[in-house]
Amino acid sequence: DSGVTQTPKHLITATGQRVTLRCSPRSGDLSVYWYQQSLDQGLQFLIQYYNGEERAKGNILERFSAQQFPDLHSELNLSSLELGDSALYFCASSRSLGRGTNTGELFFGEGSRLTVL
Amino acid sequence: GEDVEQSLFLSVREGDSSVINCTYTDSSSTYLYWYKQEPGAGLQLLTYIFSNMDMKQDQRLTVLLNKKDKHLSLRIADTQTGDSAIYFCAESIRRGYQKVTFGIGTKLQVIP
(Lines give C-alpha, C1' and ligand atoms only; values in the text may rest on other atoms or scores of the structure.)
Protein backbone atom coordinates (compact mmCIF):
# COMPACT_ATOMS: atom_id res chain seq x y z
CA ASP A 1 0.00 0.00 0.00
CA SER A 2 1.60 3.24 -1.21
CA GLY A 3 -0.56 5.46 1.00
CA VAL A 4 -1.99 7.27 -2.04
CA THR A 5 -5.73 6.80 -2.47
CA GLN A 6 -7.56 7.30 -5.73
CA THR A 7 -11.30 7.19 -6.33
CA PRO A 8 -13.16 5.91 -8.18
CA LYS A 9 -11.20 2.80 -9.22
CA HIS A 10 -13.35 2.30 -12.30
CA LEU A 11 -15.60 4.68 -14.17
CA ILE A 12 -17.67 4.13 -17.31
CA THR A 13 -19.28 7.10 -18.97
CA ALA A 14 -20.45 8.38 -22.34
CA THR A 15 -18.87 10.77 -24.80
CA GLY A 16 -19.51 14.42 -24.02
CA GLN A 17 -19.81 13.83 -20.29
CA ARG A 18 -17.72 15.24 -17.45
CA VAL A 19 -16.03 13.30 -14.66
CA THR A 20 -13.97 14.11 -11.60
CA LEU A 21 -11.17 11.90 -10.34
CA ARG A 22 -10.00 12.31 -6.78
CA CYS A 23 -6.64 11.72 -5.15
CA SER A 24 -5.54 11.77 -1.52
CA PRO A 25 -1.75 11.93 -1.23
CA ARG A 26 0.35 10.20 1.41
CA SER A 27 0.24 11.86 4.76
CA GLY A 28 2.75 14.72 4.78
CA ASP A 29 3.32 14.79 1.01
CA LEU A 30 2.88 18.24 -0.47
CA SER A 31 3.42 17.46 -4.16
CA VAL A 32 0.76 15.77 -6.27
CA TYR A 33 1.25 14.61 -9.85
CA TRP A 34 -1.30 13.38 -12.38
CA TYR A 35 -0.42 10.94 -15.17
CA GLN A 36 -2.41 9.35 -17.96
CA GLN A 37 -1.53 5.84 -19.09
CA SER A 38 -2.92 4.49 -22.34
CA LEU A 39 -1.89 1.52 -24.45
CA ASP A 40 -0.74 3.56 -27.41
CA GLN A 41 0.95 6.48 -25.65
CA GLY A 42 2.35 5.01 -22.47
CA LEU A 43 2.63 7.13 -19.33
CA GLN A 44 2.03 10.81 -20.01
CA PHE A 45 2.61 13.53 -17.43
CA LEU A 46 -0.40 15.82 -17.10
CA ILE A 47 0.15 18.27 -14.27
CA GLN A 48 1.89 18.80 -10.93
CA TYR A 49 0.82 20.70 -7.83
CA TYR A 50 2.75 21.69 -4.77
CA ASN A 51 0.95 22.84 -1.64
CA GLY A 52 -2.04 24.06 -3.60
CA GLU A 53 -0.19 25.74 -6.43
CA GLU A 54 0.31 24.51 -9.97
CA ARG A 55 4.03 23.87 -10.56
CA ALA A 56 4.36 22.10 -13.87
CA LYS A 57 2.17 21.32 -16.80
CA GLY A 58 2.63 18.51 -19.27
CA ASN A 59 0.47 17.17 -22.07
CA ILE A 60 -2.80 18.19 -20.46
CA LEU A 61 -5.68 18.99 -22.80
CA GLU A 62 -7.66 22.21 -22.40
CA ARG A 63 -10.73 20.05 -21.66
CA PHE A 64 -8.95 18.80 -18.55
CA SER A 65 -8.32 20.77 -15.40
CA ALA A 66 -7.05 20.04 -11.94
CA GLN A 67 -6.63 21.60 -8.56
CA GLN A 68 -5.12 20.86 -5.17
CA PHE A 69 -7.14 21.85 -2.12
CA PRO A 70 -5.96 23.21 1.26
CA ASP A 71 -6.16 19.72 2.76
CA LEU A 72 -3.78 18.65 -0.08
CA HIS A 73 -6.15 16.30 -1.84
CA SER A 74 -6.38 16.85 -5.55
CA GLU A 75 -9.05 16.48 -8.21
CA LEU A 76 -8.68 16.00 -11.95
CA ASN A 77 -11.68 17.17 -13.97
CA LEU A 78 -12.17 15.75 -17.46
CA SER A 79 -14.88 17.34 -19.59
CA SER A 80 -16.39 16.89 -23.05
CA LEU A 81 -15.08 13.36 -22.92
CA GLU A 82 -14.02 11.61 -26.11
CA LEU A 83 -13.40 7.93 -26.81
CA GLY A 84 -9.67 8.61 -26.84
CA ASP A 85 -9.77 9.76 -23.22
CA SER A 86 -10.27 6.16 -22.11
CA ALA A 87 -7.19 5.40 -20.06
CA LEU A 88 -5.80 4.72 -16.63
CA TYR A 89 -5.27 7.93 -14.69
CA PHE A 90 -2.65 7.83 -11.95
CA CYS A 91 -2.04 10.18 -9.12
CA ALA A 92 1.32 10.22 -7.38
CA SER A 93 2.67 12.17 -4.44
CA SER A 94 6.08 13.04 -3.12
CA ARG A 95 7.44 14.52 0.08
CA SER A 96 8.58 17.89 -1.15
CA LEU A 97 9.68 19.83 -4.17
CA GLY A 98 12.83 17.78 -4.11
CA ARG A 99 15.19 19.96 -2.20
CA GLY A 100 17.84 18.61 0.14
CA THR A 101 18.55 14.91 0.37
CA ASN A 102 15.12 13.80 -0.73
CA THR A 103 15.53 11.22 -3.52
CA GLY A 104 12.35 12.42 -5.14
CA GLU A 105 10.59 9.08 -5.03
CA LEU A 106 7.02 9.27 -6.27
CA PHE A 107 4.37 7.15 -4.59
CA PHE A 108 1.61 6.08 -6.95
CA GLY A 109 -2.00 5.28 -6.32
CA GLU A 110 -3.61 2.27 -7.98
CA GLY A 111 -5.19 4.44 -10.64
CA SER A 112 -8.67 5.28 -11.87
CA ARG A 113 -9.66 3.40 -14.99
CA LEU A 114 -11.86 5.55 -17.21
CA THR A 115 -13.84 4.00 -20.03
CA VAL A 116 -15.63 6.34 -22.41
CA LEU A 117 -18.30 4.67 -24.56
CA GLY B 1 13.74 19.56 -23.24
CA GLU B 2 13.32 16.43 -21.20
CA ASP B 3 12.73 13.17 -23.02
CA VAL B 4 13.17 9.59 -21.87
CA GLU B 5 13.14 6.74 -24.36
CA GLN B 6 13.04 3.01 -23.91
CA SER B 7 12.04 0.01 -25.96
CA LEU B 8 8.52 -1.31 -25.66
CA PHE B 9 9.03 -5.01 -25.17
CA LEU B 10 11.56 -7.57 -23.97
CA SER B 11 11.17 -11.32 -23.74
CA VAL B 12 13.57 -13.56 -21.82
CA ARG B 13 13.65 -17.12 -20.56
CA GLU B 14 13.38 -17.83 -16.86
CA GLY B 15 16.83 -17.99 -15.29
CA ASP B 16 18.45 -15.76 -17.91
CA SER B 17 19.51 -12.17 -17.32
CA SER B 18 17.31 -9.31 -18.53
CA VAL B 19 18.72 -5.97 -19.59
CA ILE B 20 16.36 -3.06 -20.06
CA ASN B 21 17.83 0.05 -21.63
CA CYS B 22 16.86 3.69 -21.48
CA THR B 23 18.19 6.95 -22.89
CA TYR B 24 17.47 10.41 -21.59
CA THR B 25 18.23 13.86 -22.91
CA ASP B 26 18.63 16.24 -19.98
CA SER B 27 22.20 16.23 -18.65
CA SER B 28 21.11 18.06 -15.50
CA SER B 29 19.22 15.04 -14.17
CA THR B 30 19.89 14.55 -10.47
CA TYR B 31 18.35 11.13 -9.93
CA LEU B 32 17.43 8.38 -12.36
CA TYR B 33 14.94 5.75 -11.42
CA TRP B 34 13.52 2.41 -12.37
CA TYR B 35 9.89 1.88 -11.47
CA LYS B 36 8.01 -1.40 -11.79
CA GLN B 37 4.33 -1.76 -12.62
CA GLU B 38 2.73 -5.13 -12.02
CA PRO B 39 -0.58 -5.97 -13.72
CA GLY B 40 -3.49 -4.00 -12.28
CA ALA B 41 -1.29 -1.94 -9.99
CA GLY B 42 0.33 1.45 -9.84
CA LEU B 43 4.02 2.11 -10.35
CA GLN B 44 6.39 1.33 -7.52
CA LEU B 45 9.99 2.44 -7.17
CA LEU B 46 12.35 -0.46 -7.81
CA THR B 47 15.69 1.27 -7.53
CA TYR B 48 17.36 4.59 -8.21
CA ILE B 49 20.82 5.97 -8.89
CA PHE B 50 22.23 9.37 -8.13
CA SER B 51 23.65 11.11 -11.16
CA ASN B 52 27.24 11.14 -9.85
CA MET B 53 27.31 7.33 -9.64
CA ASP B 54 28.20 4.87 -12.40
CA MET B 55 26.75 1.72 -10.95
CA LYS B 56 24.48 0.53 -8.20
CA GLN B 57 23.86 -3.08 -7.23
CA ASP B 58 20.97 -4.31 -5.13
CA GLN B 59 20.64 -8.10 -4.89
CA ARG B 60 19.59 -9.27 -8.38
CA LEU B 61 19.40 -5.74 -9.74
CA THR B 62 22.28 -3.83 -11.29
CA VAL B 63 21.86 -0.27 -12.54
CA LEU B 64 24.46 1.16 -14.90
CA LEU B 65 24.63 4.85 -15.73
CA ASN B 66 26.66 6.29 -18.60
CA LYS B 67 26.36 10.03 -18.23
CA LYS B 68 28.39 10.77 -21.33
CA ASP B 69 25.96 8.85 -23.53
CA LYS B 70 22.94 9.62 -21.29
CA HIS B 71 22.23 5.91 -21.10
CA LEU B 72 20.73 4.01 -18.19
CA SER B 73 20.27 0.28 -17.94
CA LEU B 74 18.68 -2.15 -15.54
CA ARG B 75 19.98 -5.70 -15.37
CA ILE B 76 17.95 -8.35 -13.61
CA ALA B 77 19.95 -11.48 -12.88
CA ASP B 78 18.30 -14.91 -12.77
CA THR B 79 15.01 -13.50 -14.08
CA GLN B 80 11.94 -15.11 -12.56
CA THR B 81 8.33 -15.27 -13.79
CA GLY B 82 7.45 -12.87 -10.96
CA ASP B 83 9.62 -10.26 -12.66
CA SER B 84 7.13 -10.05 -15.52
CA ALA B 85 5.91 -6.46 -15.42
CA ILE B 86 6.30 -3.10 -17.12
CA TYR B 87 9.52 -1.28 -16.19
CA PHE B 88 9.69 2.50 -16.41
CA CYS B 89 12.83 4.54 -16.60
CA ALA B 90 12.51 8.06 -15.16
CA GLU B 91 14.68 11.09 -14.62
CA SER B 92 14.36 13.79 -12.00
CA ILE B 93 15.40 17.35 -12.71
CA ARG B 94 15.43 20.00 -10.02
CA ARG B 95 15.22 23.60 -11.06
CA GLY B 96 13.52 25.16 -8.08
CA TYR B 97 11.06 22.31 -8.12
CA GLN B 98 11.29 18.68 -9.02
CA LYS B 99 10.05 17.44 -12.37
CA VAL B 100 10.01 13.72 -13.02
CA THR B 101 9.83 12.49 -16.61
CA PHE B 102 8.98 8.88 -17.34
CA GLY B 103 9.72 6.72 -20.34
CA ILE B 104 6.94 4.86 -22.08
CA GLY B 105 7.70 1.63 -20.22
CA THR B 106 9.25 -1.67 -21.28
CA LYS B 107 7.08 -4.73 -20.92
CA LEU B 108 9.19 -7.65 -19.70
CA GLN B 109 7.82 -11.09 -20.48
CA VAL B 110 9.51 -14.01 -18.74
CA ILE B 111 9.01 -17.35 -20.44
CA PRO B 112 9.02 -20.36 -18.08
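Structure data summary
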{"quantity": "Matching residues in the range A:5-27 - criterion: being outside any loop (DSSP other than H, G, I, E, B), surrounded by 19 or more Cβ atoms within 10 Å (Cβ to Cβ) and not hydrophobic (A, V, I, L, M, F, W, C)", "calculated": "A:GLN6, A:SER24"}
{"quantity": "Sole exception among (1) closer than 16 Å to B:LYS67 by Cα; (2) within 11 Å of chain A (Cβ to nearest Cβ); (3) not β-branched (Val, Ile, Thr) for B:ASN21, by number", "calculated": "(2)"}
{"quantity": "Any hit, the range A:67-83, residues being free of Cβ contacts under 8 Å to residues at least 40 places away in the same chain, over 10 Å from the mean Cα position of the chain (by Cα) and within 30 Å of B:LEU8 (Cα to Cα)", "calculated": "no"}
{"quantity": "Filter pass, B:GLU38 being among the charged types (D, E, K, R) and either modelled with pLDDT under 95 or touching a His at 6+ places or on another chain (Cβ under 6 Å) (or both)", "calculated": "yes"}
{"quantity": "Any hit, the range A:90-99, residues being over 10 Å from the mean Cα position of the chain (by Cα), on the phi > 0 side of the Ramachandran plot and at pLDDT 95 or above", "calculated": "no"}
{"quantity": "Residue satisfying all of: in the range B:5-27; under 19 Å from A:GLN44 (Cβ atoms) and without any contact (Cβ under 8 Å) to a residue 60 or more places away in the chain; farthest from the chain's Cα centre (by Cα) among these", "calculated": "B:THR25"}
{"quantity": "Condition check for A:TYR89: closer than 13 Å to B:LYS99 by Cβ and buried (at least 17 other Cβ atoms within 10 Å of the Cβ)", "calculated": "no"}
{"quantity": "Strands (runs of 3 or more DSSP E) wholly inside the range B:28-83 that include at least 1 residues being in contact (Cβ under 8 Å) with a residue 60 or more places away in the chain and surrounded by 17 or more Cβ atoms within 10 Å (Cβ to Cβ)", "calculated": "B:31-37"}
{"quantity": "Selection within the range B:10-27 - loosely packed, with under 13 Cβ neighbours inside 10 Å and at pLDDT below 95", "calculated": "B:SER27"}
{"quantity": "Selection status of A:ASN77, surrounded by fewer than 18 Cβ atoms within 10 Å (Cβ to Cβ), over 19 Å from B:PRO39 (Cα atoms), within 12 Å of chain B (Cβ to nearest Cβ) and polar (S, T, N, Q)", "calculated": "no"}
{"quantity": "Residue within the range A:62-76 that is at pLDDT below 90 and either in contact with an Asp or Glu (Cβ under 9 Å, 6 or more places away or on another chain) or at negative phi (or both) present", "calculated": "no"}
{"quantity": "Of residues in the range B:87-100 being surrounded by fewer than 21 Cβ atoms within 10 Å (Cβ to Cβ) and in a strand (DSSP E or B), the one farthest from the other protein chains (Cβ to nearest Cβ)", "calculated": "B:ILE93"}
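For (1) outside any strand (DSSP E or B); (2) within 20 Å of A:THR5 (Cα to Cα); (3) more than 14 Å from chain B (Cβ to nearest Cβ); (4) among the aromatic types (Phe, Trp, Tyr), each residue gets a yes or a no:
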position: A:ASP29; (1), (2), (3), (4): yes, yes, no, no
position: A:PHE45; (1), (2), (3), (4): no, yes, no, yes
position: A:ASN59; (1), (2), (3), (4): yes, no, no, no
position: A:GLN67; (1), (2), (3), (4): no, yes, yes, no
position: A:PRO70; (1), (2), (3), (4): yes, yes, yes, no
position: A:PHE90; (1), (2), (3), (4): no, yes, no, yes
position: A:GLU105; (1), (2), (3), (4): yes, yes, no, no
position: A:GLU110; (1), (2), (3), (4): yes, yes, no, no
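The values are calculated or read from the model by the stated rules, or taken from the named source; none is laboratory data. Computed from a predicted structure; not experimentally measured. Quick reminder, even Gly has a Cβ in these numbers, built from the backbone with ideal geometry, and neighbours come from all protein chains shown.
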